[in-house]
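So the structure is just underneath, and the comments pick up after that.
Please treat every number below as a calculation from the coordinates, not as lab data. No experiment lies behind these values; they were computed from the predicted model shown. Glycine gets a Cβ as well: all are built from the backbone with ideal geometry, and neighbour counts include every protein chain shown.
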C-alpha cells in the first residue's frame, strides 16, 4: 500500500510513528512542510523536516517533541557570548551538526530534496521524506504594529510561533515565495501513484496549508485517484497541541473539528476523522460532502496513534468502496 | 611604546602573553598568520588568529595550546555520524561557535579584519589583532606521491601538519594566493609606526614566513624605522615546539638557531635571541650582520616568557642606541 502523508512538525511526526506501527509494510512517502524553514547563524534550519526525521529515526527529544534527545547547548551559549542571536530559537549542539551538513551541501549545489535524502541515509526514518519544494518558501505572519505600514508588520513564522508564542493576533498568513515554487522532485508523482493520501492532525494553515500552497500540489491531491482522509487537529474546540487556533483565526476559520474539514473542503477531502468529544460535528462535515467519523484522536502513545491511523485507513477504504 | 608582533599560533600566542606581562602598558599590534586558515564543513576556520585570541582572552585550552578550555565535541561526533569529515581536525563545540560567527559575518560581506575585530570585542585580548591579509592565502605543502604530477602532490598545510603529523618530507611550501594578496588594513601602517618589531619564536617558514610573503609586508618590515628583533624557535637544534624542522628542510634551511636568523637575513633582522644552549651560534649570527645574544628561551611559564620578551626589547633598545 502506497500512502502519501502531508506533514508538518510534531503532530505530523507523531502521527507518522503511529502509522508506521499500524501498517509496518506500507510504502510511505511524506511530503514535508518547509514553509517554517529559517536561516539562523548563516545555517539553513528545516524544523519540520528534522522533526519528522528525528522522530522516525529515534533521535527526537520525546517530551519536547522537537530537537534531539540528550542535547547540549555549548554552541548556542558561545554564540550568545559573542552577542549573536536570536536566543529565542533553541538550537542544540547535535541539532547544529544537521544544519551544518545541510548548509554545506546546499552551498555545494545540492537541492534540499537531495540533502534531505542524504540526511535520512543516517536516520533511516522508514519513510521517503520529501520537502514540499526545493525552492525557498517562507511563511510570514502579519501582526499589528502601530509603526508598521498600514499598522501591520510581517514576521517570520518562527518568530511568531517561538518568540511571540502566538500571543498577538495573526492578521494574515503569507507563504512568501510559494507562488513561484515548484513541487520537489517526486512530490506530484507520489501523489498520483498513492493508494491513500492522509492529512495528519498537523496545522491546517501553516503546515498542510503551506504544502497545498505550492502550485500543483492542491490540484494533484484534489485530482488524485486515491481517497484523501484527514484527522482533526482540533479536539473539543481547542488545538490538541500547539496554537492552531491562532492561525485559523487569521484565515477566518473557527477552531472546531468541523470548520477545519470545511476549510479543506470536499474538493480535497474524501474523509475526515473528528474526536469522539466532537461527535456532534460529524453531521455538518457529512453535509459538506465529506465522509466523517468520530474516533478517539488523542496521540497519547504510539498504540493510540496507531489506532487513529488504522481508523483513517479504514475510512479511506470505505470511501474507495 | 608601540610594538608590532608577527605571530603564528601557539608559540606566538604564548610569547604575546609574556610580552603583555613584561610591558603591560605597551600598545601591541599583532599581525597574525592566516595561511593556515581552512574551510571545514563550510565554515571558515582561522587557527592561528583564534589561538592568539583565545590565549590572550583567557579561553585557551592551556595544556593543548589550541582550542577552547572545557571543550565538548557533540557537533563533531554528530558530523561523523553523518559520515561528514574530516575527522582529523579537532573542532570542539565552543570553537564551532567562533567559526559560525566568522562565516556568517564573511557571508554578510565583512572582511576578515572586521570579523576578527568583532570576535575580539568579546575576547578582549589586550592587543590589536590584525590578520596579515583580508585576501585568501592558503599554505600548501608539496609531498611525494608516486601517482601525483611529477611524483608530487600538494596538500593543505593543516592536512600536512595535523593529519600527516609532518611525518613525510615537505618538498616545498607554497603560500597559494600570497602574490595576489594585499596586507589587511592597518598592517603596513602599524609596521611603519612601530617602535619595535618582534618575531616571536613562531615557525619561520609557515607562520612568520607566510606573513612576510604578503607583498609589501617584507619591504615594510625591512624599511621600518623600528628595530626588528626575533627569538629563535629552535633550541639545541630542535624546534621548541611543533615540527619547524620539517618545513625548514623544505626551504633548505638547517634546524639551528643561527641558520634561522640567517634565513631571515640582516635586511630584515636587527637583533636575534638564541637560547643559552646555542651560545656558540651567536658569533655566526653576528657575522651575518645581526646583533645576537644568548638568553634562556624556554617558555615554561608566563614569567619565563616575560623575561624573554624583556630581553628582546632590551636588545631592540641596544640596536636603536
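Taking the axis that rotates chain A onto chain B, the chain A residue nearest to it by Cβ, with the distance rounded to whole Å, is A:93, 2.
Whole number please: convex hull volume per residue of the Cα set in the range B:211-293, in Å³? Kindly include the intermediate steps, with their values, before the conclusion.
Details: hull volume 7.4 nm³, N = 83.
Output value, Cα hull per residue: 90 Å³.
Per-residue extension of 0.36 nm, minus the Cα-Cα distance of residue A:182 and residue A:249, leaves a gain of 21.3 nm for this segment.
When the Kirkwood radius is taken over all Cα pairs of the protein assembly as shown, what Stokes-Einstein diffusion coefficient follows at 37 °C and 0.692 mPa s, in µm²/s? Walk me through the intermediate numbers first.
Working: Rh = 27.9 Å.
The calculation lands on 118 µm²/s.
Can you work out D for the range B:138-179 in µm² s⁻¹ from Stokes-Einstein, where Rh is the Kirkwood radius over C-alpha pairs, the temperature is 4 °C and the viscosity is 1.567 mPa s?
Values: Rh = 10.3 Å.
Once the numbers are plugged in, D ends up at 126 µm²/s.
Comparing A:153, A:68, A:102 in a Gaussian network model of chain A where C-alpha atoms under 10 Å apart are linked, the largest mean-square fluctuation is found at A:153.
Radius of gyration over Kirkwood radius for the range A:38-131, both on Cα atoms: the Rg/Rh ratio is 0.96. Between copies, the label points of residue A:151, set 7 Å from Cα on the Cα→Cβ line, lie 8.3 nm apart, reported in increasing order to one decimal in nanometres.
Across every pair of different alpha-carbon atoms, what Kirkwood hydrodynamic radius in Å does the range A:1-160 reach?
Values: mean 1/r = 0.0598 Å⁻¹.
Roughly 16.7 Å, rounded to one decimal.
Kirkwood radius, the range A:179-321, all distinct C-alpha pairs, inverse of mean reciprocal distance: 15.2 Å.
Using only alpha carbon positions, build the gyration tensor of chain A, then give the equivalent ellipsoid semi-axes as the square roots of 5 times its eigenvalues, largest first, whole angstrom.
Largest first, chain A gives 30, 23, 19 Å.
Per residue of peptide B:96-108, the mean number of Cβ atoms on other chains within 10 Å of the residue Cβ is 5.
Spatially, the range A:203-221 and the range A:29-58 are offset by 17 Å when compared through their Cα centroids. Evaluated at q = 0.15, 0.18, 0.19 Å⁻¹, a Debye calculation over the C-alpha positions of the range A:1-67 (equal weights, vacuum) places log10 I(q)/I(0) at -0.47, -0.65, -0.71.
Just to be sure I understand: with springs between alpha-carbon atoms less than 10 Å apart, which residue in B:145, B:237, B:278 has the highest mean-square fluctuation in the Gaussian network model of chain B? Looking only at B:145, B:237, B:278, the largest GNM fluctuation is found for B:145. Per-residue mean of foreign Cβ neighbours for A:82-94 is 3 (Cβ atoms of other chains, 10 Å radius).
List, shortest first and in nm to one decimal, how far the label point of residue A:321 (7 Å from Cα along Cα→Cβ) is from its counterparts in the other copies. Copy-to-copy label distances for residue A:321: 10.7 nm. Calculated mean residue ellipticity at 222 nm for the protein assembly as shown: -10500 deg cm²/dmol, from DSSP H runs with n ≥ 4 weighted as -39500 (n - 2.57), summed, divided by the residue count and rounded to 500. The mean sequence distance of close C-alpha pairs (under 8 Å, at least 6 residues apart), as a share of the length of chain B, puts its relative contact order at 20 percent. Using alpha-carbon positions, what is the distance between the centroids of the range A:82-112 and the range B:225-297, in Å? Centre-to-centre distance over Cα atoms comes out at 46 Å. Mind jotting down the distance between the C-alpha centroids of the range A:128-154 and the range B:145-169, whole Å? Between the Cα centre of the range B:145-169 and that of the range A:128-154, the gap is 50 Å. What separates the residue A:109 label point from its copies, with the point 7 Å along Cα to Cβ, is 2.7 nm, written shortest first.
Relative to the longest principal axis of the Cα atoms of chain A, the long axis of helix A:93-107 makes an angle of roughly 90 degrees. In the elastic network of chain A, a GNM with C-alpha springs shorter than 10 Å, the most mobile of A:46, A:120, A:292 is A:120.
Looking at chain A, what % of its DSSP beta bridges pair antiparallel, to the nearest 5? If we restrict to bridges inside chain A, about 45 percent are antiparallel.
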